[in-house]
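Encoded as structure tokens, the structure appears first; notes follow it.
The values are calculated or read from the model by the stated rules, or taken from the named source; none is laboratory data. Predicted model, so just to flag it, every value in this text is computed and none were measured. Ideal geometry is used to build each Cβ from the backbone, glycine not excepted, and the neighbour counts take in all protein chains shown.
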């Protein structure tokens, strides 16, 4: 059996891979592992199809695979699929989509 697992979120849930935690502060101080905060920005790995409203109409997702998002600090559930640490969020826990602005 392979260690490669794939998760497909249901309804309005999103599977996210968090960005790696900072190892140094802005001032150059090395941050020990036990003091690092989990990043609140990550990349969407998979999305569910959306949820249905009371009339049975599908409300589509606002994000898609590959989008970078900022999410709520206390939202979601940490999971491990194979050797990857991921986060399952509801679409409501996404605060914004990170976009690059060309100047």
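What to note about this one:
- Segment 10-30 - residue that is in contact with a strand residue (DSSP E or B) (Cβ under 6 Å, 6 or more places away or on another chain), in a loop (DSSP other than H, G, I, E, B) and at pLDDT 90 or above and, of those, surrounded by the fewest Cβ atoms within 10 Å (Cβ to Cβ): 11
- Subset tally (residues that are in a strand (DSSP E or B), closer than 13 Å to residue 12 by Cα and within 12 Å of the chain's Cα centre (by Cα)) for segment 55-103: 4
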